[in-house]
1. Taking the chain as the reference, fit the longest principal axis to its C-alpha atoms, fit the long axis of helix 13-26 to the helix C-alpha atoms, and give the angle between the two in degrees, 0 to 90, nearest 10.
2. Hey, can you grab everything whose amide H is under 5 Å from the amide H of THR27? Only 5+ residues off in sequence or another chain; H modelled, so Pro and N-termini drop out.
3. Sequence gap at least 6, Cα distance under 8 Å: using those rules, report the relative contact order of region 2-111 to the nearest whole percent.
4. Only four residue types carry charge here, +1 at the Cβ of Lys and Arg and -1 at the Cβ of Asp and Glu. Report the dipole size of region 2-111 about the Cα centre in Debye, rounded to the nearest 20.
5. With the contact rule set at Cα under 8 Å and sequence spacing of 6 or more, what percent relative contact order holds for region 25-87?
6. Compute the helix-to-body angle for 82-107: its Cα long axis versus the longest principal axis of the chain, expressed 0 to 90° and rounded to tens.
7. Report the one residue of ASN29, LEU79, TYR11 whose Cα lies farthest in the direction of the positive end of the charge dipole of the chain (charges on C-beta: Lys and Arg +1, Asp and Glu -1; origin at the Cα centre).
Amino acid sequence: MHGHAAFYGAYVMIVLAMITYAAPSLTRNRPESGSSLGYWAFWMQITGMFGMTLSFATAGIGQVYLERIMGMGYLDAQLKIQVHFLMLIVTASIFTIGVALFIYDFFRYAPRFISDDEPQLNVVDARSNA
């Protein structure tokens, strides 16, 4: 549980923030304030990761309680905590949809090959000089 939340929070969010910050200057016609699709992608990823973390946490606590305190066998305990893994599938699906929306939002604008800061060079047709 901790690994999923820590990796996503510490590394993935930093990379996504840098991509989102740089994207308007690297693409054409992308609004600097972001798009509603990008905001949906962000919140679906956050919600999905939070739900996955809670699902893992409650499943782990339940498994420890059932096996160590109640003395239940492994397979019997797995049947009792199965609902937590169903919630894991639901929240992981929400997370995956958020990732797909982010990828789509990233690639839906064409790249900008010429910077606005660089002066434009006038290309003279070689035939006109002859």
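Readers should treat all values here as calculations from the given coordinates under stated rules, not as data from a laboratory. Since the structure is predicted, the reported quantities are computational estimates derived from the model, not experimental observations. Note that each Cβ is placed from the backbone with ideal geometry, even for glycine, and that neighbours are counted across all protein chains shown.
1. Around 20 degrees separate the two axes.
2. ARG112
3. It rounds to 41 percent for region 2-111.
4. Computed about the Cα centre, the dipole is about 180 debye.
5. Over region 25-87, the number comes to 34 percent.
6. Relative to the chain, helix 82-107 is tipped by roughly 0 degrees.
7. Of the candidates, LEU79 comes out farthest on the positive side.
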